[in-house]
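K.L.:
Quick one: structure below, then a few questions.
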Amino acid sequence: MRDHALQILQSVFGYDSFRHSQEEVIHELLSGKDALVLMPTGGGKSLCYQIPAIVRPGTGIIVSPLISLMQNQVNALLQSGVRAAFLNSSQESEEAGRVKKALMAGELDLLYVAPERLLSPGFLTLLGRIKLALFAIDEAHCVSQWGHDFRRDYLELSVLHEKFPQIPRIALTATADEATRREIIERLGLEKARVFITGFDRSNIRYSITLKDNPRQQLLRFIEENHTGEAGIVYCLSRKKVETTAKWLNEHNIKALAYHAGLSAEIRAGHQNRFLQEDGIIIVATIAFGLGIDKPDVRYVAHMDLPKSIEAYYQETGRAGRDGLAAEAWMTYGMQDIVLLRHMIENSEADEKRKGLERRKLDSLVGLAEITTCLRQALLAYLGETYPGSCGNCDTCLEPVETWDGTIAAQKALSCIYRTGQRFGAGYVIDVLLGNETERMKSLGHEKLSTFGIGTELSAEAWRSVIRQLTARNFLCAPAEGFGSIMLTKEAAAVLKGEVKIELRKEKKKVKKSKKPRIRRGRGGVEKTLAAGDHQLWKALRERRTALAKEQGVPPYVIFHDITFMEMIESRPRDLNEMSLISGVGEKKLELYGRDFLAIINKYSIRP
Ligand code: ADP
Ligand code: ZN
């Protein structure tokens, strides 16, 4: 059966060899055992259950939390000639009836179902009457009550084991942390399952965290300079910011669509569909968007606000570059982010224990944003993985951050805040430090303080940086009542007494803003990697793909991925046989599209 699995990988999916632990996972299921698979996004989880479902007699039942995800997976499988279908609430009862009939007749290798459908008594009885190959529980972290993707129905999935103890089960997730893993095992009754953990590094993603300085302008520049015409996701904290950011991008000729829970289900579905079906659409969204989006060619994920934790950051940024081509995780970050998120935690309804947990998670993320060493290394260390050396593909590696001894500056700032009564915002404190006498200051007598004018060696901007970094490290905080004013924490005492040395980061020099808005519509990031003469072929291949996808009402990437086109451009297949050697071209796709795309390649290739 093992050879059979490899043969299916090659003939149906068109890939040469297994990746990561795919082969072992498949073997485990083929021997009738259970498995828990933790693999990063884009690692290749789907094949872990798709291949055994095809190889084993009977139908594989795949539990999936999202309708759009099921549809896409089924579309992609049908394109490869696999007998797959789905059952969910989006279907007419007639269509659902047809699917059930096919299921009963043993005509399906895979059936995707929503958890609530699976758990209905009628459906469980039906499953008792057919031959089952396996159960797969996708996005298994949805059982975690602590996580933001929690689904109540997922808690009841342990019934599968009780009712069908002899059928192998596989649970899959890209969420790495230990606590979630334990919860999955416990709630799904997977104590006997072998656990497969793949390294979580997403080497094709370039991480960068930039200081906020007119963030919308920074976003626009980031997109225009690196990703023209490419698909991306922009995350914002609030619905309002989603709306204004999307509007702003559109005003600058960038196709952006909004997505948040305040929009009607119809609008949301429409925007999500356009994002999946058209090339180069940007979704501006709250975290309501993303679960189950398996679009492979998202070229960047941009954060306009700080996420809630490192896990959330990793999960959200992980939606970029599933196809393995170069992608970017980009974030702007500033003092207000820390203050705002800390406020949200303090004012939430959660109990003290939960608040403590959230505070620690936020602090770790802030620590990551302020880091002066390799970002990837720190990110992976947090997820429990050791990355040797520096990665060379994150901004701290590409543009090393310099540090300076900020102990004295920190003492000056802290004592100035203390002496002015811990009632003012950063702006006022900086005026006192710099000795800028204002009316308000005089009325309060602060120009007579010993800290008045003691900080003239630094600029206002440098002081802002000092205060932000002291806040990030929890020497300063913003009290819940007076939004915007800053106070010392009890940790600050050690700094004032000179017991700790404060190493601060030097801010990178700002790129000068040009007065005129630049109209530079360069080529996008991935396209940049092509040789000059290949752009036309690239464009022609993609245009043909869009047309074929439209005819069938499916997303373009279920026909061929960008990475498959890249390989076609590089190796220029001359006939169907050579075409069949391209990764991602299985037998069915060769038959459906081989000639079509060969003709295009021939047209753009000069042969000796
Ligand atoms: P995940 O669900 O883990 O995020 P997918 O199953 O969607 O990842 O796979 C990510 C991409 O990698 C897909 O484009 C898939 O076709 C491709 N892929 C998976 N396994 C292999 C393999 N063994 N060889 C080449 N490509 C693969
Ligand atoms: Zn690095």
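K.L.:
Restricting to bridges with both residues inside the chain, how much of the DSSP beta-bridge set is antiparallel, in percent to the nearest 5? Working shown, then result.
P.N.:
Working: 5 of 53 bridges.
Among the beta bridges of the chain, antiparallel pairing accounts for roughly 10 percent.
K.L.:
A further question follows. Estimate the FRET efficiency between Met487 and Thr529 by the formula 1/(1 + (r/R0)^6), using the beta-carbon distance for r and 51 Å for R0, to the nearest 0.05.
P.N.:
Working: r = 50 Å, r/R0 = 0.98.
It comes to 0.55.
K.L.:
Among Ala258, Ser465, Ala288, which residue has its Cα positioned farthest towards the positive end of the charge dipole of the chain, with +1 placed on the Cβ of Lys and Arg, -1 on the Cβ of Asp and Glu, and the dipole taken about the Cα centre?
P.N.:
Highest projection toward the positive end goes to Ser465.
K.L.:
I've got another one for you. Longest segment of the chain with no GluC sites (Glu not before Pro) in a DSSP loop having at most 12 other Cβ atoms within 10 Å?
P.N.:
On the way: sites that count: Glu92, Glu107, Glu191, Glu349, Glu402, Glu457, Glu481, Glu499.
Between exposed loop sites, the widest span is 192-348.
K.L.:
Taking a label point 7 Å from the Cα of Glu116 along the Cα→Cβ vector, which residues of region 141-155 have an amide N closer than 16 Å to it?
P.N.:
Within reach of a label on Glu116: 150-155.
K.L.:
Note down, for region 310-445, the three equivalent ellipsoid semi-axes (square root of 5 times each alpha carbon gyration tensor eigenvalue), biggest first, whole angstrom.
P.N.:
36, 21, 14
K.L.:
With labels modelled as points extended 7 Å from the Cα through the Cβ direction, what inter-label distance (nm, one decimal) is found for Glu186 paired with Arg83?
P.N.:
4.2
K.L.:
Let me ask something additional. What does the charge add up to near Ala133, with Lys and Arg as +1, Asp and Glu as -1, over the other residues with Cβ less than 10 Å from its Cβ? Write down the numbers at each step before the final one.
P.N.:
On the way: positive: Arg56, Lys131; negative: Asp109.
Once all neighbours under 10 Å are counted, the net charge is +1.
K.L.:
Separate question: Taking a 21 Å limit on the Cα-Cα distance, which of the listed pairs Lys412/Lys506; Lys355/Lys490; Lys412/Lys497; Lys247/Lys550; Lys412/Lys490 fall beyond it? Numbers along the way, then the final one.
P.N.:
Values: Lys412/Lys506 18 Å; Lys355/Lys490 19 Å; Lys412/Lys497 12 Å; Lys247/Lys550 27 Å; Lys412/Lys490 16 Å.
Check vs 21 Å cut-off fails for Lys247/Lys550.
K.L.:
For a quick check: with amide H placed at 1.01 Å from N, whose amide H comes under 5 Å from Leu257's, ignoring anything fewer than 5 positions away on the same chain?
P.N.:
Ile282, Ile283, Val284
K.L.:
Then there is this: With a 1.4 Å probe and every protein chain left in place, work out the accessible area per residue of the chain in Å², rounded to a whole number. All intermediate terms of the calculation are to be shown ahead of the outcome.
P.N.:
Details: 27690 Å² over 608 residues.
For the chain, the per-residue accessible area is 46 Å².
K.L.:
On to the next question. How large is the Kirkwood hydrodynamic radius of region 403-505, counting all unique pairs of alpha carbons, in Å?
P.N.:
Working: mean 1/r = 0.0740 Å⁻¹.
After inverting the pairwise mean of 1/r, the radius is 13.5 Å.
K.L.:
Output the Kirkwood hydrodynamic radius of region 2-197, Cα pairs only, in Å rounded to one decimal.
P.N.:
Working: mean 1/r = 0.0598 Å⁻¹.
Taking every pair of different Cα atoms in region 2-197, averaging 1/r and inverting gives 16.7 Å.
K.L.:
Then there is this: Let me check the size of region 1-87 from its C-alpha atoms; what are the radius of gyration and Dmax in Å?
P.N.:
12.5, 33
K.L.:
Within a Cβ distance under 12 Å of Val242, other residues only, what is the Lys/Arg minus Asp/Glu net charge? Each step should come with its number before you reach the end.
P.N.:
Numbers: positive: Arg239, Lys240, Lys241, Lys247, Arg268; negative: Glu243, Asp305.
Residues near Val242 contribute +3 overall.
K.L.:
Then there is this: Looking only at Cα atoms, what is the convex hull volume of the chain per residue, in Å³? Spell out each step's value before the answer.
P.N.:
Values: hull volume 109.3 nm³, N = 608.
Given the Cα convex hull of the chain, per-residue volume reads 180 Å³.
K.L.:
Note the per residue figure in Å³ for the convex hull of the C-alpha positions in region 526-603. Don't skip to the answer; put the middle values down first.
P.N.:
On the way: hull volume 6.5 nm³, N = 78.
So the per-residue Cα hull volume is 84 Å³.
K.L.:
For region 343-353, what does the Karplus curve 6.51 cos²θ - 1.76 cosθ + 1.60, with θ = phi - 60°, yield as ³J(HN,Hα) per residue in whole Hz, taken in order and with x for Gly and Pro?
P.N.:
So the Karplus estimates, Gly and Pro as x, are 4, 4, 5, 4, 8, 7, 7, 4, 6, 4, 5 Hz.
K.L.:
Measure off, as a whole percent, the carbon and sulfur share of the 1.4 Å-probe accessible area of the chain, all protein chains present. Show your work: numbers first, answer last.
P.N.:
Details: 14090 of 27690 Å².
Carbon and sulfur: 51 percent of the exposed surface of the chain.
K.L.:
Taking every pair of alpha-carbon atoms in region 118-232, give the share separated by more than 18 Å as a whole percent. Could the numbers behind the result be given before it?
P.N.:
Values: 4201 of 6555 pairs.
Considering region 118-232, 64 percent of its Cα-Cα pairs are separated by more than 18 Å.
K.L.:
Under a crude label model (7 Å from the Cα following the beta-carbon direction), how far is Ala599 from Glu578 in nanometres?
P.N.:
Each label point is offset 7 Å from its Cα along the Cβ direction, giving 1.9 nm.
K.L.:
Right, next: Please report, in debye to the nearest 20, how large the charge dipole of region 238-315 is about its Cα centre when each Lys and Arg carries +1 at its beta carbon and each Asp and Glu carries -1 there.
P.N.:
On the way: 10 positive and 9 negative charges, 46 e Å.
Here region 238-315 has a charge dipole of around 220 debye.
The values are calculated or read from the model by the stated rules, or taken from the named source; none is laboratory data. Here the structure is a predicted model, which means the values were calculated and not measured. Here Cβ is always computed from backbone atoms with ideal geometry, including for glycine, and neighbour counts include all displayed protein chains. Surface accessibility is based on the protein's heavy atoms, side chains included, excluding ligands, DNA and RNA. Shrake-Rupley method; radii C 1.70, N 1.55, O 1.52, S 1.80 Å.
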